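The values are calculated or read from the model by the stated rules, or taken from the named source; none is laboratory data. Source: prediction; values computed, not measured. Glycine also receives a Cβ, built like all others from the backbone with ideal geometry; neighbour counts cover every protein chain displayed.
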Amino acid sequence: MTVVSHSGTKNLGYLLVDGSEGVFRGAVLVTDFRGIPADFRYTDPIRPSRIEKILYGSALDVYLKEELILESIVGAVEVQPLLWVCRDTDLLEPLSRTAKAKAVLLAPTNRAPLDATGDMEKQNDPGSYLIQADSVSAPLRISLPLPKSKEEEAKAIAAMLVEAAATMDLLEPFSRMGKALAALGEEHGEQ
Amino acid sequence: MSSEDIRTYLARLFLGKAKVRSLRPQGKEVVLRTVGRVVETHPLRPPERVLGSALYGSAMDVLVKGSCISKAVHEAVKGNIRGGTFSFDGRLAVKGEKVVRDRRVFLHSLGGFTVRCIGAVGRITPLPIEVRNRLPWFRGRSNSLKKGEVLLALYSPILEEGLLKSVLNKERGTLLVWYNPRRAWKARSLFLVRNFSSGGSLEWKWIDIH
(Lines give C-alpha, C1' and ligand atoms only; values in the text may rest on other atoms or scores of the structure.)
Protein backbone atom coordinates (compact mmCIF):
# COMPACT_ATOMS: atom_id res chain seq x y z
CA MET A 1 0.00 0.00 0.00
CA THR A 2 1.18 3.51 -0.65
CA VAL A 3 -0.39 5.87 1.77
CA VAL A 4 0.63 9.40 2.43
CA SER A 5 -0.90 10.47 5.68
CA HIS A 6 -1.95 14.05 6.19
CA SER A 7 -3.09 13.32 9.69
CA GLY A 8 -0.36 14.94 11.70
CA THR A 9 -2.73 16.20 14.35
CA LYS A 10 -4.95 13.17 14.66
CA ASN A 11 -4.20 11.01 17.65
CA LEU A 12 -5.25 7.75 19.19
CA GLY A 13 -5.17 7.30 22.96
CA TYR A 14 -4.33 3.88 24.35
CA LEU A 15 -5.29 2.96 27.89
CA LEU A 16 -3.81 0.14 29.92
CA VAL A 17 -4.79 -0.58 33.54
CA ASP A 18 -3.37 -3.64 35.18
CA GLY A 19 -4.21 -5.11 38.57
CA SER A 20 -2.43 -8.42 38.49
CA GLU A 21 -0.65 -9.86 41.53
CA GLY A 22 -2.14 -7.30 43.88
CA VAL A 23 -0.34 -4.37 42.28
CA PHE A 24 -2.40 -1.80 40.40
CA ARG A 25 -0.97 0.54 37.82
CA GLY A 26 -2.05 2.31 34.70
CA ALA A 27 -0.62 3.96 31.65
CA VAL A 28 -1.84 5.95 28.68
CA LEU A 29 -0.06 6.42 25.41
CA VAL A 30 -1.26 8.95 22.90
CA THR A 31 0.18 8.39 19.45
CA ASP A 32 -0.42 10.00 16.14
CA PHE A 33 -1.75 7.90 13.28
CA ARG A 34 1.78 6.67 12.57
CA GLY A 35 2.22 5.24 16.06
CA ILE A 36 4.66 7.94 17.09
CA PRO A 37 4.16 8.96 20.73
CA ALA A 38 2.72 12.37 21.52
CA ASP A 39 2.07 11.80 25.22
CA PHE A 40 2.79 9.03 27.68
CA ARG A 41 1.75 8.89 31.28
CA TYR A 42 1.91 6.21 33.89
CA THR A 43 0.98 5.85 37.52
CA ASP A 44 3.09 4.71 40.37
CA PRO A 45 2.10 1.19 41.40
CA ILE A 46 -0.56 1.00 44.11
CA ARG A 47 -0.26 -1.90 46.51
CA PRO A 48 -3.34 -2.07 48.73
CA SER A 49 -2.57 -3.26 52.23
CA ARG A 50 -4.33 -6.25 53.76
CA ILE A 51 -6.54 -3.93 55.79
CA GLU A 52 -7.53 -2.00 52.70
CA LYS A 53 -8.39 -5.24 50.92
CA ILE A 54 -10.63 -6.22 53.85
CA LEU A 55 -12.23 -2.79 54.08
CA TYR A 56 -12.96 -2.45 50.38
CA GLY A 57 -13.71 -6.10 49.71
CA SER A 58 -14.63 -7.06 46.21
CA ALA A 59 -15.09 -3.40 45.27
CA LEU A 60 -11.39 -2.70 45.61
CA ASP A 61 -10.46 -3.89 42.13
CA VAL A 62 -13.22 -1.90 40.46
CA TYR A 63 -12.57 1.15 42.56
CA LEU A 64 -8.83 1.28 41.95
CA LYS A 65 -8.91 0.42 38.26
CA GLU A 66 -12.03 2.16 37.06
CA GLU A 67 -12.26 5.18 39.32
CA LEU A 68 -8.91 6.06 40.78
CA ILE A 69 -6.39 5.08 38.10
CA LEU A 70 -8.49 5.51 34.98
CA GLU A 71 -9.97 8.87 35.90
CA SER A 72 -6.66 10.22 37.14
CA ILE A 73 -4.57 9.18 34.22
CA VAL A 74 -7.05 10.06 31.49
CA GLY A 75 -7.53 13.44 33.13
CA ALA A 76 -3.80 14.05 33.21
CA VAL A 77 -3.33 13.67 29.46
CA GLU A 78 -2.39 16.93 27.74
CA VAL A 79 -2.61 15.79 24.12
CA GLN A 80 -6.23 14.87 23.54
CA PRO A 81 -6.86 11.97 21.16
CA LEU A 82 -9.69 11.66 18.68
CA LEU A 83 -10.38 8.15 19.87
CA TRP A 84 -9.59 6.27 23.05
CA VAL A 85 -8.72 2.61 22.70
CA CYS A 86 -8.75 0.00 25.45
CA ARG A 87 -8.53 -3.77 25.42
CA ASP A 88 -10.22 -4.56 28.71
CA THR A 89 -14.00 -4.93 28.56
CA ASP A 90 -14.42 -3.63 32.10
CA LEU A 91 -12.72 -0.38 31.22
CA LEU A 92 -14.81 0.55 28.20
CA GLU A 93 -17.80 2.05 30.01
CA PRO A 94 -15.80 4.07 32.57
CA LEU A 95 -13.44 5.21 29.82
CA SER A 96 -16.39 6.36 27.78
CA ARG A 97 -17.76 8.30 30.74
CA THR A 98 -14.46 9.91 31.65
CA ALA A 99 -12.90 10.67 28.29
CA LYS A 100 -13.76 13.71 26.25
CA ALA A 101 -13.49 11.72 23.03
CA LYS A 102 -15.02 8.53 21.68
CA ALA A 103 -13.95 5.25 23.21
CA VAL A 104 -13.70 1.77 21.77
CA LEU A 105 -12.54 -1.67 22.79
CA LEU A 106 -10.16 -3.17 20.27
CA ALA A 107 -9.31 -6.85 20.19
CA PRO A 108 -7.56 -9.20 17.77
CA THR A 109 -9.40 -12.12 16.17
CA ASN A 110 -8.44 -15.29 14.34
CA ARG A 111 -11.17 -14.85 11.77
CA ALA A 112 -10.58 -14.95 8.04
CA PRO A 113 -10.14 -11.51 6.47
CA LEU A 114 -13.27 -9.76 5.27
CA ASP A 115 -13.59 -8.99 1.58
CA ALA A 116 -12.15 -5.50 1.49
CA THR A 117 -10.45 -2.95 3.68
CA GLY A 118 -13.07 -0.95 5.56
CA ASP A 119 -15.67 -3.74 5.58
CA MET A 120 -17.67 -4.20 8.76
CA GLU A 121 -19.61 -7.16 10.08
CA LYS A 122 -22.06 -6.83 12.95
CA GLN A 123 -21.62 -9.38 15.72
CA ASN A 124 -24.14 -10.96 18.05
CA ASP A 125 -22.88 -9.02 21.05
CA PRO A 126 -24.59 -5.62 21.14
CA GLY A 127 -22.28 -2.85 19.99
CA SER A 128 -19.71 -5.28 18.67
CA TYR A 129 -18.39 -5.38 15.07
CA LEU A 130 -15.64 -6.96 13.05
CA ILE A 131 -13.73 -4.51 10.90
CA GLN A 132 -11.14 -5.09 8.23
CA ALA A 133 -8.71 -2.31 9.05
CA ASP A 134 -6.17 -3.17 6.35
CA SER A 135 -5.62 -5.72 3.61
CA VAL A 136 -2.96 -7.82 5.33
CA SER A 137 -4.33 -8.77 8.72
CA ALA A 138 -7.17 -10.61 10.39
CA PRO A 139 -10.21 -8.48 11.14
CA LEU A 140 -10.29 -6.68 14.45
CA ARG A 141 -13.20 -6.78 16.83
CA ILE A 142 -14.41 -3.40 18.02
CA SER A 143 -16.93 -2.90 20.81
CA LEU A 144 -18.62 0.34 21.57
CA PRO A 145 -20.04 1.40 24.91
CA LEU A 146 -23.64 0.28 24.91
CA PRO A 147 -25.58 3.53 25.18
CA LYS A 148 -23.61 4.87 22.20
CA SER A 149 -23.53 1.74 20.13
CA LYS A 150 -25.28 3.14 17.09
CA GLU A 151 -24.22 1.94 13.71
CA GLU A 152 -23.29 5.45 12.54
CA GLU A 153 -21.00 5.78 15.53
CA ALA A 154 -19.41 2.43 14.72
CA LYS A 155 -18.87 3.47 11.10
CA ALA A 156 -17.23 6.71 12.15
CA ILE A 157 -14.89 4.86 14.49
CA ALA A 158 -14.14 2.22 11.88
CA ALA A 159 -13.24 4.92 9.36
CA MET A 160 -10.81 6.43 11.85
CA LEU A 161 -9.21 3.06 12.54
CA VAL A 162 -8.89 2.23 8.86
CA GLU A 163 -7.15 5.55 8.25
CA ALA A 164 -4.73 4.94 11.09
CA ALA A 165 -4.13 1.31 10.11
CA ALA A 166 -2.72 2.47 6.79
CA THR A 167 0.33 3.81 8.61
CA MET A 168 0.48 1.85 11.88
CA ASP A 169 -0.37 -1.43 13.54
CA LEU A 170 -3.41 -0.59 15.63
CA LEU A 171 -2.65 -2.99 18.48
CA GLU A 172 1.11 -2.50 18.64
CA PRO A 173 1.10 0.46 21.08
CA PHE A 174 -0.23 -1.82 23.82
CA SER A 175 2.91 -3.97 23.70
CA ARG A 176 5.13 -0.88 23.65
CA MET A 177 3.37 0.41 26.76
CA GLY A 178 3.92 -2.93 28.45
CA LYS A 179 7.62 -2.79 27.66
CA ALA A 180 7.91 0.79 28.89
CA LEU A 181 6.15 -0.07 32.14
CA ALA A 182 8.34 -3.12 32.66
CA ALA A 183 11.46 -1.02 32.09
CA LEU A 184 10.26 1.70 34.45
CA GLY A 185 9.38 -0.92 37.04
CA GLU A 186 12.88 -2.41 36.86
CA GLU A 187 14.36 1.04 37.08
CA HIS A 188 12.45 1.74 40.29
CA GLY A 189 13.42 -1.61 41.74
CA GLU A 190 9.99 -3.17 41.69
CA GLN A 191 9.58 -6.88 41.80
CA MET B 1 5.47 -36.47 83.07
CA SER B 2 8.82 -34.82 83.74
CA SER B 3 11.88 -36.57 85.20
CA GLU B 4 11.46 -34.56 88.41
CA ASP B 5 7.94 -35.87 88.85
CA ILE B 6 9.10 -39.44 88.23
CA ARG B 7 11.84 -39.03 90.82
CA THR B 8 9.38 -37.68 93.41
CA TYR B 9 6.93 -40.46 92.69
CA LEU B 10 9.58 -43.15 93.11
CA ALA B 11 10.94 -41.51 96.28
CA ARG B 12 7.46 -41.55 97.82
CA LEU B 13 6.87 -45.12 96.74
CA PHE B 14 10.12 -46.63 97.88
CA LEU B 15 11.43 -44.35 100.59
CA GLY B 16 8.14 -43.06 101.92
CA LYS B 17 9.49 -39.61 101.82
CA ALA B 18 7.96 -36.64 100.29
CA LYS B 19 10.23 -33.97 99.04
CA VAL B 20 9.29 -30.68 100.57
CA ARG B 21 10.32 -27.51 98.88
CA SER B 22 10.17 -24.14 100.41
CA LEU B 23 9.43 -21.02 98.53
CA ARG B 24 12.25 -18.63 99.15
CA PRO B 25 11.52 -15.02 98.51
CA GLN B 26 15.16 -14.31 97.58
CA GLY B 27 15.69 -13.80 93.94
CA LYS B 28 12.02 -13.71 93.17
CA GLU B 29 10.53 -10.49 92.07
CA VAL B 30 6.90 -9.82 91.84
CA VAL B 31 5.94 -8.83 88.34
CA LEU B 32 3.20 -6.30 88.14
CA ARG B 33 1.15 -6.19 84.98
CA THR B 34 -1.35 -3.57 84.13
CA VAL B 35 -4.50 -4.19 82.21
CA GLY B 36 -4.16 -0.80 80.55
CA ARG B 37 -3.57 -0.82 76.82
CA VAL B 38 -1.69 1.54 74.64
CA VAL B 39 -3.47 2.07 71.37
CA GLU B 40 -1.27 2.25 68.33
CA THR B 41 -2.73 3.91 65.31
CA HIS B 42 -1.52 3.12 61.81
CA PRO B 43 -2.60 5.11 58.77
CA LEU B 44 -4.00 3.00 55.96
CA ARG B 45 -1.51 4.53 53.58
CA PRO B 46 2.09 5.41 54.30
CA PRO B 47 2.73 9.11 54.73
CA GLU B 48 3.28 11.07 51.58
CA ARG B 49 6.80 11.39 50.41
CA VAL B 50 8.03 14.91 50.34
CA LEU B 51 9.86 15.88 47.22
CA GLY B 52 12.57 18.45 47.47
CA SER B 53 11.67 21.93 46.46
CA ALA B 54 14.15 21.74 43.64
CA LEU B 55 12.39 18.73 42.19
CA TYR B 56 8.99 20.36 42.59
CA GLY B 57 10.36 23.37 40.81
CA SER B 58 11.38 21.14 37.97
CA ALA B 59 8.01 19.43 37.87
CA MET B 60 6.09 22.69 38.00
CA ASP B 61 7.98 24.21 35.15
CA VAL B 62 9.80 26.72 37.28
CA LEU B 63 12.99 27.76 35.59
CA VAL B 64 15.82 27.37 38.04
CA LYS B 65 18.95 29.27 37.23
CA GLY B 66 22.03 30.42 39.02
CA SER B 67 24.80 28.93 41.05
CA CYS B 68 26.75 29.78 44.17
CA ILE B 69 29.46 32.35 43.79
CA SER B 70 32.08 33.16 46.31
CA LYS B 71 31.65 36.18 48.52
CA ALA B 72 34.73 37.83 47.07
CA VAL B 73 33.43 37.56 43.51
CA HIS B 74 30.02 38.76 44.62
CA GLU B 75 31.49 41.83 46.24
CA ALA B 76 33.51 42.58 43.13
CA VAL B 77 30.56 42.47 40.72
CA LYS B 78 27.97 43.98 43.04
CA GLY B 79 29.07 47.52 42.38
CA ASN B 80 28.65 47.14 38.64
CA ILE B 81 25.02 46.02 38.83
CA ARG B 82 22.49 48.78 38.96
CA GLY B 83 19.30 46.99 38.07
CA GLY B 84 17.76 44.13 36.21
CA THR B 85 18.65 40.54 36.78
CA PHE B 86 21.62 38.47 35.97
CA SER B 87 22.21 34.79 36.24
CA PHE B 88 25.03 32.37 36.03
CA ASP B 89 24.41 29.42 33.83
CA GLY B 90 24.71 26.53 36.24
CA ARG B 91 23.25 23.06 36.15
CA LEU B 92 20.93 22.14 38.96
CA ALA B 93 21.89 19.02 40.82
CA VAL B 94 20.49 17.32 43.88
CA LYS B 95 22.94 15.10 45.75
CA GLY B 96 25.08 14.92 42.68
CA GLU B 97 22.22 13.82 40.44
CA LYS B 98 21.43 16.18 37.61
CA VAL B 99 17.82 17.28 37.67
CA VAL B 100 16.29 16.82 34.27
CA ARG B 101 12.89 18.23 33.47
CA ASP B 102 11.59 15.15 31.76
CA ARG B 103 8.37 14.51 33.54
CA ARG B 104 5.36 16.25 34.92
CA VAL B 105 3.77 14.89 38.05
CA PHE B 106 0.05 14.98 38.76
CA LEU B 107 -1.20 13.89 42.17
CA HIS B 108 -4.73 12.61 42.66
CA SER B 109 -6.11 11.48 45.98
CA LEU B 110 -9.41 9.70 46.42
CA GLY B 111 -10.80 7.54 49.20
CA GLY B 112 -7.50 7.30 51.03
CA PHE B 113 -5.52 6.21 47.99
CA THR B 114 -3.19 8.56 46.21
CA VAL B 115 -2.13 7.99 42.65
CA ARG B 116 0.74 9.81 40.99
CA CYS B 117 0.46 10.27 37.24
CA ILE B 118 3.86 10.80 35.75
CA GLY B 119 4.33 12.18 32.29
CA ALA B 120 7.27 10.58 30.55
CA VAL B 121 6.86 10.72 26.81
CA GLY B 122 10.64 10.97 26.58
CA ARG B 123 10.90 7.48 28.04
CA ILE B 124 8.75 5.74 25.46
CA THR B 125 9.84 7.65 22.36
CA PRO B 126 13.18 5.82 22.03
CA LEU B 127 11.46 2.43 22.08
CA PRO B 128 11.16 0.83 18.65
CA ILE B 129 7.85 0.11 16.98
CA GLU B 130 7.43 -3.62 16.54
CA VAL B 131 6.05 -4.57 13.11
CA ARG B 132 4.41 -7.98 12.78
CA ASN B 133 4.87 -10.42 9.95
CA ARG B 134 1.73 -10.11 7.82
CA LEU B 135 2.56 -12.88 5.40
CA PRO B 136 -0.28 -15.22 6.52
CA TRP B 137 -2.82 -12.66 5.32
CA PHE B 138 -1.08 -11.63 2.10
CA ARG B 139 -3.02 -12.77 -0.95
CA GLY B 140 -0.84 -11.66 -3.85
CA ARG B 141 2.41 -13.43 -3.15
CA SER B 142 2.74 -15.14 -6.53
CA ASN B 143 2.65 -11.85 -8.46
CA SER B 144 5.32 -10.14 -6.42
CA LEU B 145 8.24 -12.54 -6.75
CA LYS B 146 10.78 -13.31 -9.42
CA LYS B 147 11.97 -16.78 -10.33
CA GLY B 148 14.09 -18.32 -7.60
CA GLU B 149 12.72 -16.09 -4.86
CA VAL B 150 10.91 -17.46 -1.82
CA LEU B 151 8.93 -15.11 0.36
CA LEU B 152 9.82 -15.45 4.04
CA ALA B 153 8.08 -12.51 5.66
CA LEU B 154 6.06 -9.40 4.94
CA TYR B 155 6.31 -6.41 7.24
CA SER B 156 3.71 -3.70 6.87
CA PRO B 157 3.13 -0.82 7.23
CA ILE B 158 6.59 0.73 7.31
CA LEU B 159 7.16 4.43 6.78
CA GLU B 160 9.95 4.13 4.25
CA GLU B 161 11.39 7.62 4.10
CA GLY B 162 11.44 8.06 7.86
CA LEU B 163 13.10 4.75 8.60
CA LEU B 164 16.20 5.39 10.70
CA LYS B 165 17.04 1.87 11.78
CA SER B 166 15.52 -1.58 11.65
CA VAL B 167 16.39 -4.79 13.46
CA LEU B 168 14.97 -8.20 12.68
CA ASN B 169 13.91 -9.98 15.86
CA LYS B 170 14.52 -13.57 14.79
CA GLU B 171 13.03 -15.04 17.96
CA ARG B 172 9.66 -13.38 17.53
CA GLY B 173 9.76 -12.95 13.78
CA THR B 174 9.07 -9.24 14.07
CA LEU B 175 10.84 -6.20 12.72
CA LEU B 176 11.83 -3.46 15.15
CA VAL B 177 11.86 -0.04 13.54
CA TRP B 178 12.88 3.44 14.63
CA TYR B 179 11.51 6.43 12.72
CA ASN B 180 12.46 10.00 12.15
CA PRO B 181 9.02 11.55 12.78
CA ARG B 182 9.75 14.50 10.51
CA ARG B 183 10.13 12.30 7.47
CA ALA B 184 7.93 9.34 8.27
CA TRP B 185 4.80 9.76 6.18
CA LYS B 186 4.78 7.37 3.26
CA ALA B 187 3.72 3.84 4.20
CA ARG B 188 5.01 0.88 2.19
CA SER B 189 5.64 -2.80 2.83
CA LEU B 190 8.83 -4.74 3.13
CA PHE B 191 9.42 -8.27 1.85
CA LEU B 192 12.04 -10.56 3.29
CA VAL B 193 12.91 -13.05 0.53
CA ARG B 194 15.44 -15.81 0.06
CA ASN B 195 16.85 -15.63 -3.42
CA PHE B 196 17.98 -19.08 -4.58
CA SER B 197 19.07 -17.76 -7.96
CA SER B 198 21.82 -15.81 -6.22
CA GLY B 199 23.04 -18.49 -3.83
CA GLY B 200 20.18 -18.47 -1.33
CA SER B 201 20.96 -15.09 0.18
CA LEU B 202 18.39 -13.06 2.15
CA GLU B 203 17.14 -9.89 0.52
CA TRP B 204 14.85 -7.05 1.51
CA LYS B 205 12.46 -5.65 -1.08
CA TRP B 206 10.15 -2.68 -0.84
CA ILE B 207 6.72 -3.22 -2.33
CA ASP B 208 3.38 -1.46 -2.47
CA ILE B 209 0.33 -3.46 -1.47
CA HIS B 210 -3.00 -2.21 -2.73
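Scanning the range B:155-188 for residues that are over 27 Å from the mean Cα position of the chain (by Cα) and either part of a loop (DSSP other than H, G, I, E, B) or touching a residue at least 40 places away in the same chain (Cβ under 8 Å) (or both) yields B:SER156, B:GLU160, B:ARG182, B:ARG183, B:ALA184, B:TRP185. In the range B:174-184 there is at least one residue that is in contact with a helix residue (DSSP H, G or I) (Cβ under 7 Å, 6 or more places away or on another chain) and hydroxyl-bearing (Ser, Thr, Tyr).
Scanning the range A:25-45 for residues that are assigned to a strand (DSSP E or B) and among the aromatic types (Phe, Trp, Tyr), we see that the one that is nearest to A:ALA165 (Cα to Cα) is A:PHE40. Being within 12 Å of another protein chain (Cβ to nearest Cβ), free of Cβ contacts under 8 Å to residues at least 40 places away in the same chain, touching a Gly at 6+ places or on another chain (Cβ under 9 Å) and assigned to a loop (DSSP other than H, G, I, E, B) is a property that A:PRO113 lacks. Taking the numbered list (1) at the interface with another protein chain (Cβ under 8 Å from one of its Cβ atoms); (2) surrounded by 19 or more Cβ atoms within 10 Å (Cβ to Cβ); (3) within 29 Å of B:PRO126 (Cβ to Cβ) in turn, A:ALA27 passes all entries but (1). Taking the criterion of being part of a strand (DSSP E or B) and facing chain A (nearest Cβ under 8 Å), the residues of the range B:129-154 that qualify are B:ILE129, B:GLU130, B:VAL131, B:LEU154.
Inside the range A:76-94, can you point out the residues that are surrounded by fewer than 21 Cβ atoms within 10 Å (Cβ to Cβ) and touching a residue at least 60 places away in the same chain (Cβ under 8 Å)? Correct list: A:VAL79, A:GLN80, A:LEU82, A:LEU83, A:ARG87, A:ASP88.
Among the candidates A:PRO145, A:PRO126, the residue that is modelled with pLDDT under 95, away from every other protein chain (no Cβ under 14 Å) and surrounded by fewer than 16 Cβ atoms within 10 Å (Cβ to Cβ) is uniquely A:PRO126.
Residue-by-condition table, conditions (1) within 14 Å of chain B (Cβ to nearest Cβ); (2) modelled with pLDDT of 90 or more; (3) in a helix (DSSP H, G or I):
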{"position": "A:LEU95", "(1), (2), (3)": "no, yes, yes"}
{"position": "A:LYS100", "(1), (2), (3)": "no, no, no"}
{"position": "A:ALA103", "(1), (2), (3)": "no, yes, no"}
{"position": "A:LEU106", "(1), (2), (3)": "no, yes, no"}
{"position": "A:THR117", "(1), (2), (3)": "yes, yes, no"}
{"position": "A:ASP134", "(1), (2), (3)": "yes, yes, no"}
{"position": "A:GLU152", "(1), (2), (3)": "no, no, yes"}
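Taking the range A:49-75 as the range and being at the interface with chain B (Cβ under 9 Å from one of its Cβ atoms) and buried (at least 22 other Cβ atoms within 10 Å of the Cβ) as the test, the residues that pass are A:LEU64, A:LEU68, A:ILE69, A:SER72, A:ILE73.
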